[in-house]
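Trainee: Before anything else, here's the structure in question.
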Amino acid sequence: MMNRVVWESRVMFGGRKPSTPQPSGTPTPPSPPPAPTAPPPTTTPPARQAVGFETVLGANTAFKGEIKSRANVRIDGQFEGDVQVDGNLLIGETARVNANIHAKSEIRISGAVRGDVSGYKVHLSRTGRVWGDITTNFLVTEEGAFIEGKINMVNHPALSQGFGGAALPSPEVSVTAPERDDVARSEAIEAELMDDDRPSRDD
């Protein structure tokens, strides 16, 4: 009994545990379970999303049906059906769209569209092709764009003013005259040089 009391006092006051085995009848405390290991981090990067466009129809994709979206849409492939977009719509250079298009914001066309186009602003790039009527508040066309159809401008001040009441800008001074003077002077200088280069009769 004395040996057991001495051993317990050493353990309580920081003494080292004696090398003698524990007395029989003392239960062995269970070992704690191993801590769960965290899963290894993935090495595959997340899929990149198209910047600014929630829906994208790729160049190698063909789809027939109806597209309705409240966000921006980009079409680079082939589509046939109907398009209604609350945001912006981009028709890429590789796109071939056979559908009526309506967007509440801007429509930028760089591909080919067969159908009526309606939007707040319509922008045709130099590679844009449209076979159909265009209805818009603002129309922008780059050199080289093609339109076969009727253009309807809505909510424009000229509609209420009419042809006679439309305010026209005051005429400005033409800036082509100085250019013509420069051209005339350059032609005169070239003529003088040509005369100097001609061989004289004395030679």
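Trainee: For G115, what charge total do you get from the other residues with a beta carbon under 11 Å from its beta carbon, if Lys and Arg give +1 and Asp and Glu give -1? Display every interim value, and only then the final one.
Mentor: Numbers: positive: R114; negative: E80, D82, D116, D133.
Net charge in that neighbourhood comes out at -3.
Trainee: If one computes the Cα centroid of region 134-163 and of region 56-122, what distance in Å separates the two points?
Mentor: Cα centroid of region 134-163 versus Cα centroid of region 56-122: 19 Å apart.
Trainee: Once the other residues with Cβ under 10 Å from the Cβ of N98 are scored (Lys, Arg +1; Asp, Glu -1), what is the net sum? Intermediate results must be reported in sequence, preceding the final value.
Mentor: Values: positive: K64, R96, R114; negative: E80.
Around N98, the surrounding residues sum to +2.
Trainee: Can you give me the long-range amide H partners of S105? Hydrogens built in the peptide plane at 1.01 Å from N, cutoff under 5 Å, separation of 5 or more residues or another chain.
Mentor: Result for S105 returns Y120.
Trainee: What's the whole-number percent of alpha carbon pairs in region 55-158 lying beyond 19 angstrom? Working shown, then result.
Mentor: Details: 1807 of 5356 pairs.
In whole percent, the share of Cα-Cα pairs in region 55-158 beyond 19 Å is 34.
All of the numbers you see were taken from the coordinates with simple rules; none came from a lab. The model shown is predicted, which means the values in this text are computed figures rather than measured ones. Note that each Cβ is placed from the backbone with ideal geometry, even for glycine, and that neighbours are counted across all protein chains shown.
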